[in-house]
1. Given the conditions (1) more than 19 Å from Cys107 (Cα to Cα); (2) under 13 Å from the mean Cα position of the chain (by Cα), which single one is not true for Ala80?
2. Return the total of residues in segment 52-89 being of a type in the set (Gly, Ala, Ser), buried (at least 16 other Cβ atoms within 10 Å of the Cβ) and under 15 Å from Ile30 (Cα atoms).
3. Scan segment 92-121 residue by residue and report those that are assigned to a helix (DSSP H, G or I), closer than 19 Å to Asn40 by Cβ and touching a residue at least 24 places away in the same chain (Cβ under 8 Å).
4. Within the bounds of segment 69-92, is there any residue that is among the hydrophobic types (A, V, I, L, M, F, W, C), touching a strand residue (DSSP E or B) at 6+ places or on another chain (Cβ under 8 Å) and at pLDDT 95 or above?
5. If Lys116 meets every condition in (1) under 30 Å from Ala23 (Cβ atoms); (2) at pLDDT 95 or above apart from one, which number is that one?
Amino acid sequence: MKHQTLDQLHAVAKIESSAAYSAMTRNQRIERWAELLERNPERCLGAFAGTEHLHPEARAMMRGEGTAISVAFEDPVLRASGLKDDTYGEAKRFFELNDWQLHDIVCDCHVGSTMKARWAATRVRSAVSGRFFAWLRQRIMR
């Protein structure tokens, strides 16, 4: 492999910097994920089964086609920002979520085996804003 400077590479190829993407904050990454889900609000997404009951290593490796996490991984901006794959563990790391926050977004115990993308987008935002707990308290206090 021949090493070349950026100027030398510009002479033979169009170079696009992904530096703008790598500077995304946690909130920007999460908001982008929610926006991606909202682009097709009626899209039927798969849910993960029983995330809270799995051993942490097994949970981290969970993945599935057509899930809320795979929607994020389909996005070139999020991949350029550092999203490495569409596993539960990678989503947890990249979006800086704890297990309960990610569980609230992707687990089947809330919706069954499928969910609408619109619902997932709402869960993405509420899991990180604390609105879920306000909603839950309101439901319990009725």
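The values are calculated or read from the model by the stated rules, or taken from the named source; none is laboratory data. Since the structure is predicted, the reported quantities are computational estimates derived from the model, not experimental observations. FYI the Cβ positions are ideal-geometry reconstructions off the backbone, even for glycines, and counts take in every protein chain you see.
1. (2)
2. If we filter segment 52-89 for residues that are of a type in the set (Gly, Ala, Ser), which is where we start, we get 58, 60, 64, 66, 68, 70, 72, 80-82, 89.
If we keep only those that are buried (at least 16 other Cβ atoms within 10 Å of the Cβ) as well, we get 60, 64, 68, 70, 72, 80-81, 89.
Next cut, under 15 Å from Ile30 (Cα atoms) only: 68, 70, 72, 80-81.
Qualifying residue count, segment 52-89: 5.
3. At the first step, the residues of segment 92-121 found to be assigned to a helix (DSSP H, G or I) are 92-94, 99-106, 117-121.
Subset that is closer than 19 Å to Asn40 by Cβ: 105-106, 117-121.
Within segment 92-121, Ile105, Val106, Ala117, Arg118, Ala120, Ala121 qualify.
4. Just the residues of segment 69-92 that are among the hydrophobic types (A, V, I, L, M, F, W, C), to begin with: 69, 71-73, 77-78, 80, 83, 91.
Then drop every residue that is not touching a strand residue (DSSP E or B) at 6+ places or on another chain (Cβ under 8 Å), which leaves 71.
Adding the requirement that they be at pLDDT 95 or above leaves 71.
Yes, segment 69-92 contains at least one residue that is among the hydrophobic types (A, V, I, L, M, F, W, C), touching a strand residue (DSSP E or B) at 6+ places or on another chain (Cβ under 8 Å) and at pLDDT 95 or above.
5. Unmet condition: (1).
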